[in-house]
Amino acid sequence: MGESAFRVLVVDDYEPWRSFATKTLQKKPEIQDIREASDGLEAVRKAKELQPDLILLDIGLPTINGIEAARRILQHSPKTKIVFVSEQRSPDIVKEALRTGAGGYVIKSKAAKELLAAVQAVLHGKQFVSASLTESLGDSENDRTAHHRGDSRHEVAFYSDDQQLLDELTQFIGSALKSGNAAIVVTTESHRKSLLPRLQAEGVDITAAIEQGRLIALDAADALSTFMVDDTLDPVRFMETFGNLIVTATKSVPTEHPRVAIFGECVHLLWARGNADAAIRMEELGNKLTKIYHVDILCGYSVGRVQGGMDTHLFQQICAEHSAVHH
């Protein structure tokens, strides 16, 4: 098949991501036939039927995972090129994915910058691996020791419902508190009221954590009022607000290298109110916080609670500001 009519199959269980990938691929005029699949078995079936030139393949898929899907696909469609696009960064997983015969591996949150380059390389018989992975592929210990070296994380999660949000939030904050570290929770009132009993049920002594200052729970709308001026985010006030909170939380942890886990829904409220520019600016400042302090930040967007969901361009911008994307 000539370059004027490459066929591509995009496989991911998250529709906004498939939409983003499709629109990105449409920038290449030689790609004129783009199909989609949402789970592993559907990907295998469509690959056998369509014999695509290229498949963009997530790893965490329903029915069968992406690595197993790739093995089955290449049995039926050996000429198909595969690029894994995933937030999985473990060297062992990356190596296993590439051992299937795939030509590329792109970190999902880097896709805005790397996806087209990966597609170009793999379609022309070359291998492409995200730059952030190349060093760690030679040392499987890197991922296991990163947390102990003091590396900070700024991640984002998109939730379709409150149950999903609360499950991940309980795990994220609970893990920090159980390990003796501190946590700052900036959520809506309803989520905060649901979270505290859940943490208690998971074995966290909420009363003690609050009294010790290791758990600081705030209302997201109230927090916004401290650094938003006429619908514009004031970066100085933002850094002061969260800097003071982090310092206070850090002092409550009697260890040599205290860490603070931060979960925030301020960005969700800004987006839900139609102020996407302020949400992006806040995400940029979140990156700055991780460089100054030993913090792990998880930003939450409840996309299922906003009519119409999130448009692809904003989704792409938000993903680009984070080290990892969950959905």
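The values are calculated or read from the model by the stated rules, or taken from the named source; none is laboratory data. This structure is a prediction, so every number in the text was calculated from the model and none was measured. Note that we place each Cβ from the backbone using ideal geometry, even for glycine, and neighbour counts take in every protein chain shown.
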_Let me confirm something: among 43, 47, 37, which residue is buried (at least 16 other Cβ atoms within 10 Å of the Cβ), in contact with a His (Cβ under 9 Å, 6 or more places away or on another chain) and under 17 Å from residue 82 (Cα atoms)?_
47
*Starting from residues that are of a type in the set (Gly, Ala, Ser) and more than 20 Å from residue 69 (Cβ to Cβ), keep the ones in region 5-21 and report whichever is surrounded by the most Cβ atoms within 10 Å (Cβ to Cβ).*
19
*Criterion: in contact with a Lys or Arg (Cβ under 9 Å, 6 or more places away or on another chain) and either in the same structural domain as residue 296 (by TED's automatic domain parsing) or more than 20 Å from residue 280 (Cβ to Cβ) (or both) - qualifying residue of 233, 215, 196*: 233
*If we only count helices (runs of 4 or more DSSP H) wholly inside region 180-288, which ones have 2 or more residues that are in contact (Cβ under 8 Å) with a residue 40 or more places away in the chain and surrounded by 14 or more Cβ atoms within 10 Å (Cβ to Cβ)?*
220-227, 235-251, 266-272
*With the condition kept exactly as written, say whether any residue in region 288-295 is under 21 Å from residue 160 (Cβ atoms) and within 19 Å of the chain's Cα centre (by Cα).*
no
*asked:* Would you confirm, using the coordinates I've provided, whether residue 62 is part of a loop (DSSP other than H, G, I, E, B), under 21 Å from residue 20 (Cβ atoms), modelled with pLDDT of 95 or more and of a type outside the set (Ser, Thr, Tyr)?
replied: no
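Condition check ((1) touching a Lys or Arg at 6+ places or on another chain (Cβ under 9 Å); (2) of a type outside the set (Gly, Ala, Ser); (3) not assigned by TED's automatic domain parsing to the domain that holds residue 24) across all residues:
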residue	(1), (2), (3)
69	no, no, no
73	yes, yes, no
77	yes, no, no
87	yes, yes, no
94	no, yes, no
98	no, yes, no
101	yes, no, no
105	no, yes, no
*Does residue 314 meet the test of being at pLDDT below 95 and more than 18 Å from residue 220 (Cβ to Cβ)?*
yes
*Restricting the search to region 219-229, which residues are in contact with a helix residue (DSSP H, G or I) (Cβ under 8 Å, 6 or more places away or on another chain) and either not charged (D, E, K, R) or not assigned by TED's automatic domain parsing to the domain that holds residue 265 (or both)?*
220, 221, 223, 224, 226, 227, 228, 229
*Does at least one position in region 25-45 carry a residue that is in a helix (DSSP H, G or I), of a type in the set (Gly, Ala, Ser), free of Cβ contacts under 8 Å to residues at least 40 places away in the same chain and outside the structural domain of residue 304 (by TED's automatic domain parsing)?*
yes
_Qualifying residue in region 76-84 (condition: part of a helix (DSSP H, G or I) and modelled with pLDDT under 95)_ = yes
_Residues (crowded, with 19+ Cβ neighbours inside 10 Å and assigned to a helix (DSSP H, G or I)) located in region 291-303_ = 303
*Determine whether region 56-72 contains at least one residue that is of a type in the set (S, T, N, Q) and either touching a helix residue (DSSP H, G or I) at 6+ places or on another chain (Cβ under 6 Å) or closer than 19 Å to residue 108 by Cβ (or both).*
yes
*Look through region 304-327, keep the residues that are surrounded by 21 or more Cβ atoms within 10 Å (Cβ to Cβ) and hydrophobic (A, V, I, L, M, F, W, C), and return whichever of them is farthest from residue 173 (Cα to Cα).*
315
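In this structure, does residue 116 turn out to be at pLDDT 90 or above, within 30 Å of residue 304 (Cα to Cα) and buried (at least 20 other Cβ atoms within 10 Å of the Cβ)? Break it down into steps so the answer makes sense when it comes.
On the way: at pLDDT 90 or above: yes; within 30 Å of residue 304 (Cα to Cα): yes; buried (at least 20 other Cβ atoms within 10 Å of the Cβ): no.
For residue 116, the condition - at pLDDT 90 or above, within 30 Å of residue 304 (Cα to Cα) and buried (at least 20 other Cβ atoms within 10 Å of the Cβ) - is not met.
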